[in-house]
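The values are calculated or read from the model by the stated rules, or taken from the named source; none is laboratory data. Predicted, not measured: the structure shown is a model, and the values here were computed from it. Reconstructed Cβ throughout: ideal geometry from the backbone, glycine too, with neighbour counts over all protein chains shown. What goes into the accessible areas is simple: the full protein's heavy atoms, side chains included, and nothing from ligands, DNA or RNA. Shrake-Rupley method; radii C 1.70, N 1.55, O 1.52, S 1.80 Å.
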Amino acid sequence: MEIKIRAAVPADSPAIAEIIQMALHEEGCEALAGGKERLPRLQQLFTALCRMENSQYSYRNTLIAEDEAGNIAGAIVSYDGARLHELRRAFIAKANEMLGYDLREEDFDDETSPDEIYLDSMAVYPAFRGRGLARRLMNAAIDSHKDAGKQFGLLCAPGNDNAYALYERLGFTEVGMRPFAGIDMHHMTRKR
């Protein structure tokens, strides 16, 4: 089966939103949504953010893996860490509007640094796993930012040993721990 990697378009937003939630895992999604019964609102929130031009999760920051029939197999979201605060404003505004929160910028730890290209969210649908798509998506995202002149960074949840091993195989090394959503995550970087 032929899989191609392409730039996302606005019509991909519902699938990108679903993939971001896969990357956050069920517990993270429930915590962010404010309970399991509010998960449909979270899907709506991420879909809205993916359709936007200037959000962390924008389709403009996303690469899609797609089979020859046009089925989305997975995606990766990446952006320049120097833009984190600018891009995060859309998340804060939409989460406050759609989830009824009162979030502020100071409520968040920085998951990336200005000196890195941040590989934010990546997941592959279960039916497409085991084919090297995660590696292909990571390499495609890295390649798309090769002229930025920055190192690459990502966070890996403790206990996600398969992902950690993949990142190591791709040349990432752990440089410490960094908080994300109240969890200390492995902060890994790779030189350009």
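Scan segment 12-20 and give yes if some residue there is outside any helix (DSSP H, G or I), modelled with pLDDT of 95 or more and closer than 21 Å to Ser113 by Cα, otherwise no. Full working, then the answer.
Taking segment 12-20 first, the residues outside any helix (DSSP H, G or I) are none.
Looking through segment 12-20, none of the residues is outside any helix (DSSP H, G or I), modelled with pLDDT of 95 or more and closer than 21 Å to Ser113 by Cα.
Are any residues in segment 143-154 within 16 Å of the chain's Cα centre (by Cα), over 12 Å from Arg190 (Cα atoms) and not in a loop (DSSP other than H, G, I, E, B), and if so, which ones?
Ser144
Would you please name the residue that is surrounded by the most Cβ atoms within 10 Å (Cβ to Cβ), looking only at residues in segment 35-61 that are out of contact with any strand residue (DSSP E or B) (no Cβ under 7 Å at 6 or more places or on another chain) and not in a helix (DSSP H, G or I)?
Per the criteria, the residue is Ser55.
Would segment 95-110 turn up any residue that is closer than 26 Å to Asp184 by Cβ, small (Gly, Ala, Ser) and part of a strand (DSSP E or B)?
No, segment 95-110 contains no residue that is closer than 26 Å to Asp184 by Cβ, small (Gly, Ala, Ser) and part of a strand (DSSP E or B).
Only one of Ala134, Ala165, Ala157, Ala123 is closer than 22 Å to Leu24 by Cβ and out of contact with any strand residue (DSSP E or B) (no Cβ under 7 Å at 6 or more places or on another chain); which?
On the way: Ala134 fails: out of contact with any strand residue (DSSP E or B) (no Cβ under 7 Å at 6 or more places or on another chain); Ala157 fails: out of contact with any strand residue (DSSP E or B) (no Cβ under 7 Å at 6 or more places or on another chain); Ala123 fails: out of contact with any strand residue (DSSP E or B) (no Cβ under 7 Å at 6 or more places or on another chain).
Exactly one residue qualifies, and that residue is Ala165.
Within segment 169-189, track down each residue that is outside any loop (DSSP other than H, G, I, E, B), aliphatic (A, V, I, L, M) and open to solvent by 50 Å² or more (accessible area, probe 1.4 Å). Step through it out loud before you land on a result.
Going residue by residue through segment 169-189, those that are outside any loop (DSSP other than H, G, I, E, B) are 169, 173-180, 183-189.
Checking the rest, the ones that are also aliphatic (A, V, I, L, M) come to 175, 177, 183, 185, 188.
Scanning segment 169-189 gives Val175, Met177, Ile183.
Within segment 17-43, can you find the residues that are more than 18 Å from Ile64 (Cα to Cα) and hydrophobic (A, V, I, L, M, F, W, C)?
Answer for segment 17-43, where residues must be more than 18 Å from Ile64 (Cα to Cα) and hydrophobic (A, V, I, L, M, F, W, C): Cys29, Ala31, Leu32, Ala33, Leu39, Leu42.
What about Gly130, is it within 21 Å of Leu42 (Cα to Cα), loosely packed, with under 12 Cβ neighbours inside 10 Å and modelled with pLDDT under 95? Show your work before the answer.
On the way: within 21 Å of Leu42 (Cα to Cα): no; loosely packed, with under 12 Cβ neighbours inside 10 Å: yes; modelled with pLDDT under 95: yes.
No: the conditions fail for Gly130.
Identify, by number, the condition in (1) in contact (Cβ under 8 Å) with a residue 40 or more places away in the chain; (2) open to solvent by less than 30 Å² (accessible area, probe 1.4 Å); (3) in a helix (DSSP H, G or I) that Ile64 doesn't meet.
Failed condition: (3).
State which residue is farthest from Val77 (Cα to Cα) when the search covers only segment 12-46 and only residues that are small (Gly, Ala, Ser) and in contact (Cβ under 8 Å) with a residue 60 or more places away in the chain. Let's see the steps before the verdict.
Our first condition is that a residue be small (Gly, Ala, Ser); within segment 12-46, this holds for 13, 15, 17, 23, 28, 31, 33-35.
Cutting the leftovers down to in contact (Cβ under 8 Å) with a residue 60 or more places away in the chain gives us 15, 23, 28, 31, 33-34.
Values: Ala15: 12, Ala23: 10, Gly28: 17, Ala31: 21, Ala33: 20, Gly34: 24 Å.
Only one residue tops the list, namely Gly34.
Suppose we filter segment 22-34 for residues that are open to solvent by 40 Å² or more (accessible area, probe 1.4 Å) and farther than 25 Å from Ala134 by Cα; how many remain? Lay out the reasoning, then the answer.
At the first step, the residues of segment 22-34 found to be open to solvent by 40 Å² or more (accessible area, probe 1.4 Å) are 22, 24-27, 30-32, 34.
Going one step further and asking which of them are farther than 25 Å from Ala134 by Cα, we end up with 31, 34.
Going through segment 22-34 one residue at a time, the tally reaches 2.
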